[in-house]
Structure formats: C-alpha cells, structure tokens
1. Efficiency by 1/(1 + (r/R0)^6): what FRET value for ASN115 and GLU8, r their Cβ-Cβ distance, R0 = 25 Å, to the nearest 0.05?
2. Applying the Karplus parametrisation 6.51 cos²θ - 1.76 cosθ + 1.60 with θ = phi - 60° to the phi angles of the stretch 43-52, what ³J(HN,Hα) value in whole Hz is obtained for each residue in order, glycine and proline being reported as x?
3. Going by alpha carbons, how many degrees (0 to 90, nearest 10) lie between the helix axis of 111-124 and the longest principal axis of the chain?
4. Taking the chain as a Gaussian network, Cα atoms linked when under 10 Å apart, which of ASN22, ASN52, ASN73 shows the biggest mean-square fluctuation?
5. Using the alpha-carbon atoms, what tilt in degrees (0 to 90, nearest 10) does helix 55-97 show relative to the longest principal axis of the chain?
6. Which one of LEU86, VAL132, TYR108 is farthest out on the positive end of the charge dipole of the chain, using unit charges on Cβ (Lys, Arg +1; Asp, Glu -1) and the Cα centre as origin?
7. Could you give the dipole magnitude of the stretch 2-140 about its Cα centre, charging the beta-carbon of Lys and Arg +1 and that of Asp and Glu -1, in debye to the nearest 20?
8. I'd like the orientation of helix 128-140 relative to the chain: the angle between its Cα long axis and the longest Cα principal axis, in ° from 0 to 90, rounded to 10.
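None of the figures in this text is laboratory data; all of them are computed from the coordinates on show. Fair warning: this is a prediction, and the values are worked out from it, not measured in the lab. Note that each Cβ is placed from the backbone with ideal geometry, even for glycine, and that neighbours are counted across all protein chains shown.
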Amino acid sequence: MKNKSKVENLNNSISLFIGVRNMLADNVKDLDEFSDSIDELYNDIERLERLNTPEYQLNQLKQKYDIKARTYNQLFDAHQHNLITLWKLSRYILKQFKHFSEDEIKEYKLNDIQNSIKEQSDNIKPKFIDLVKYDIKHIKD
C-alpha cells in the first residue's frame, strides 16, 4: 500500500509539473506576440513623429505604448516568478524519487522520467539573486 501511495504522489507531482511547464510554454508564445505588438507600436510612433503628426495623436499612441510596455514587464515578472515555482516543483519531484530504491525505479520504468526532470530542472535553475528576490517577496506576502 505504501508503494502505491508513493507512486500516486509522484504521478500527481509529475502531472502538475507537466501542466505548469506547458502553461509556461504557452505564456512564452503570448509574451513574444505581445512584445512584437509593442515593437510595432513603437515603430509606428517613430514613423509618425517623422511625418510631423499632431502632438495629440502622438501622445495617445505614446500612452498606449507605455501601458503596453508596463503590462509586458509585469507579465514577464510573473513569468519569471512562475519559472522559479516550476524549478522548486522539479526539485520536490527529484526528492520524491529518493523514496524509491533503484530496483523500484527500474521496475516502474522511472529512469527516463527522473533524468528528464533533472535535465529540465537544470535548464530552468534560477540565478541565486533571483531566488533571493523570490524568497524576500514571499516573506513580505
């Protein structure tokens, strides 16, 4: 019964990891598209400035640009925060693997999964300063 519980907990954690990872991959696509729209707006503003467009119209576009840029920065910060959360989840999953013997890992064919999560964890490992900022922010919350 204990083995079944270990496997179920690991399976739930891995499912959560995959879901969060896929969500973050979608967020990257959205951030990229949003960044492109901001760049496009910036280029439009520059072009209109060269054409001596009335200041009122330029100010409207600049305000729109500022709002989009601030929103992008906030979304990017949230994305970075979520990457750290995903990294922490990967570390938690790797700790769960320590509850399995080598024979159990082979029996349940978990080697590839363990190696994949280890590799992904290494790829998204945040810088120390980012971890400190993350932890400080959570202390304040």
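1. Rounded to the nearest 0.05, the efficiency is 0.70.
2. Those phi angles translate into 4, 4, 4, 4, 5, 5, 5, 5, 8, 6 Hz.
3. 30 degrees
4. Its mean-square fluctuation being the largest, the pick is ASN52.
5. Orientation of helix 55-97: about 10 degrees from the principal axis.
6. Projecting each Cα onto the dipole axis, the largest value belongs to TYR108.
7. 820 debye
8. Result, in degrees: 90.
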